Amino acid sequence: MSHLRIAVLNAAHQDKNTTRNFRRELDASLAEFDATDGTVPDGFDYDGAVVTGSRSSVYWDDDWMRPVKEWVGEAIDRGVPFLGVCWGHQLLADVLGGTVADMGVYEVGYSEIEHTGESRLFDGIDEIFTAFTSHSDAVTELPSGAEPLAENEYSNHGFRKDRVFGVQFHPEYDSKTARELVHRKDLSDERLESILAEITPENYQQSCEAKLVFDNFLEFVREVRAGDVASGAESHDAVTRASGSD
């Protein structure tokens, strides 16, 4: 079976950790695009797409976001499966008609999250799991018809609408990424020390369960591709039969 072709819209403002993390976690042929300079794929010939986190807010009127939102919207309309992480989760919700707003608080560090209901995205993940989080914006209103998948006391942490999935937490983070991010933030000395103390091998290992969302998403993409190929073959056979009956 050929490798899946996945477009990665990297909105992390050239943070090398993001490229490394997603290349490690996504077992697919990746085409990466620097979304922060407005670069998007020329077309839609991909099996799926992933949108990363960002230091920006979805509701900012930055020029680079317009082509990104336009491409994402058309790709969704064409049936391309999507996974959004953190900012990507918020962007997908925004494009689909949901609402993203400032929470008025900053969730950062290893958090407990509960996934609700049955969702293939969380196959193999405990109902209450640990993941690294870093966000002050949140999806405050899901798109119409979207199913909530995960939450904690801060916000929604996951949703699905048709072929689109989003997660607010960071399943891709390793300890190096977590430490460097925390040092960049404007935190009090006390809070900085407290969060850094959480970034231990034990907590990282516990959070690795959440990485299954990548495997589960890619398995979903494979099923979509197989279904689309089968549907196309059936359509071709129907046309051939109709032509032969003339």
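Scanning residues 5 or more positions from Arg163 or on other chains, none has an amide H under 5 Å from its amide H, with H placed 1.01 Å from N in the peptide plane. Once the 1.4 Å probe is applied to the protein heavy atoms, the chain comes out at 48 Å² accessible per residue. Across the range 146-163, computed HN-Hα scalar couplings (Karplus, 6.51 cos²θ - 1.76 cosθ + 1.60, θ = phi - 60°) run 7, 9, x, 10, 7, 6, 9, 5, 7, 5, 5, 10, x, 8, 9, 9, 6, 9 Hz from first to last residue, x flagging Gly and Pro. By how many degrees, between 0 and 90 and to the nearest 10, does the Cα long axis of helix 212-244 differ from the longest principal axis of the chain? Once rounded, one gets 10 degrees. The angle separating the long axis of helix 175-184 from the principal Cα axis of greatest extent in the chain is about 60 degrees. Under 23 Å of direct C-alpha separation, and excluding same-chain neighbours fewer than eight residues apart, Lys176 reaches these lysines: Lys16, Lys185, Lys211. Remark: C-alpha extents of the range 116-238 on the principal axes read 68, 31, 26 Å, sorted largest to smallest. Of the residues Val50, Ser134, Phe122, the one whose Cα sits farthest towards the positive end of the charge dipole of the chain is Val50 (charges of +1 on Lys and Arg Cβ, -1 on Asp and Glu Cβ, taken about the Cα centre). Summary value for the chain: 18 percent relative contact order, contacts being C-alpha pairs under 8 angstrom separated by 6+ residues.
Carbon-plus-sulfur accessible fraction, the range 1-148 (probe radius 1.4 Å, protein heavy atoms only): 42%. The distance linking the range 162-203 with the range 30-106 is 21 Å (Cα centroid to Cα centroid, whole angstrom). Our Cα-only numbers for the range 162-213 put the radius of gyration and Dmax at 13.2, 44 Å. The base-10 log of I(q)/I(0) for the range 152-192, evaluated at q = 0.24, 0.28, 0.29 Å⁻¹, reads -0.93, -0.98, -0.99 [Debye formula, identical scatterers on Cα atoms, solvent excluded].
By the gyration tensor of its Cα atoms, with a ≥ b ≥ c the square roots of the eigenvalues, what is the shape of the range 73-126: rounded for a/c under 1.5, prolate for a/b over b/c, or oblate? Oblate, since a/c reaches 1.5 and b/c is not below a/b. Per residue, the Cα convex hull of the chain amounts to 142 Å³.
The values are calculated or read from the model by the stated rules, or taken from the named source; none is laboratory data. Quick caveat: nothing in here was measured; it's all calculated off a predicted structure. No Cβ is skipped: glycine too gets one built from the backbone with ideal geometry, and neighbour counts run over all protein chains shown. Only protein heavy atoms, including side chains, enter the accessible area calculation; ligands, DNA and RNA are left aside. Shrake-Rupley method; radii C 1.70, N 1.55, O 1.52, S 1.80 Å.
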